[in-house]
Amino acid sequence: MQMLKRPTKDQLAAASGQIIPDIIAPDLKVLFCGINPGLYTAFTGHNFARPGNRFWPALHAAGFTPRQFRPEEDEMLLELGYGITNIVDRATGNAAELSSVELIEGGINLVEKVIEYQPQVLALLGISAYRVAFGKASAVVGLQEQAIGDTKLWVLPNPSGLNAHFPPKELHKVYKKLRVYVDETADQGGLD
């Protein structure tokens, strides 16, 4: 598999507003949900592609993947029962470019997607975006009381390298809590 090519500034600028397809299938164990695609992701067509993003290392450290996947291997997650989507489809240089209205509308669209595909867990990657999109101002990282049908909601920290609140070891710990939860509930016969 060929490694991703680094984009130029002009190529990144041209990626603004682009949309990449979800990696999704019915009945996934976990549907990971980013805030929105970054410009690197939009340019490459692969999720969490920006160097320094900690999503792929966190997934591996938490035990979701047998090795650290590269962004261009993102579709391999489906084989393991995982997928990727976003609250807002539009690519931006950073999530701060999104309005509250976009996040709320994205949350509504996400609920419809979850009802259609019925993942066991929707893991939202970003507490601030979750609070706005779902109107849960006091939400904290972890399992939420709210569910979408039978789909449990779990909030994880944003894996961006800019998220100083969660250094890599702490990020790995909170991602592992989700993986342990998924494994334990599967051993008990599901996430009822």
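The values are calculated or read from the model by the stated rules, or taken from the named source; none is laboratory data. Just so it is clear, the model here is predicted, and its values are computed rather than measured. Virtual Cβ from ideal backbone geometry, glycine too; neighbours counted across all protein chains shown. Remember, those area values only see protein heavy atoms, side chains included, never the ligands or the DNA or RNA. Shrake-Rupley method; radii C 1.70, N 1.55, O 1.52, S 1.80 Å.
Listing for the model above:
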| quantity | calculated |
| --- | --- |
| Rotationally averaged projected area of the stretch 62-159 (alpha carbon convex hull; nm²) | 6.8 |
| Expected 222 nm ellipticity per residue - DSSP helices of 4 or more, -39500 (n - 2.57), all of the chain, to 500 | -10500 deg cm²/dmol |
| Gyration tensor verdict on the stretch 23-75 (Cα atoms; rounded if a/c is under 1.5, prolate if a/b is larger than b/c, oblate otherwise) | oblate |
| Pairs from Lys5/Lys152; Lys9/Lys136; Lys9/Lys113; Lys9/Lys176; Lys113/Lys176; Lys113/Lys177 whose Cα-Cα separation, in the structure shown, is over 31 Å | Lys5/Lys152; Lys9/Lys136; Lys9/Lys113; Lys9/Lys176 |
| Length released on extending from Asn94 to Asp22, taking residue separation times 0.36 nm less the Cα-Cα span | 24.0 nm |
| Protein accessible area in the stretch 93-135, 1.4 Å probe - carbon and sulfur % | 52 |
| Amide hydrogen neighbours beyond the local backbone of Gln18, cut-off 5 Å, H modeled | Ala91 |
| Viscosity 1.002 mPa s, 20 °C: Kirkwood-radius Stokes-Einstein D of the stretch 113-192 over Cα pairs, µm²/s | 160 |
| Extension gain from Leu143 to Glu79, taking 0.36 nm per residue of separation minus the Cα-Cα distance | 20.6 nm |
| Mean separation of Cα contacts under 8 Å (6+ apart) over length of the chain, as relative contact order % | 25 |
| Most to least accessible of Lys9, Lys176, Lys113 (protein chains only, probe 1.4 Å) | Lys9, Lys176, Lys113 |
| Taking only Cα atoms of the stretch 22-113, radius of gyration then Dmax in Å | 13.2, 38 |
| Label-to-label distance, nm, for residues given as Thr8 and Gln188 (7 Å Cα→Cβ offset) | 5.6 |
| Lys, Arg +1 and Asp, Glu -1 on Cβ, resulting dipole of the stretch 46-151 about Cα centre, debye, nearest 20 | 440 |
| Solvent-accessible heavy-atom area per residue, rounded to whole Å², over the chain at 1.4 Å | 51 |
| Along each principal axis, Cα extent of the chain, largest first, Å | 50, 38, 32 |
| Solvent-accessible ranking of Ser138, Ser160, Ser128, largest area first, probe 1.4 Å | Ser138, Ser128, Ser160 |
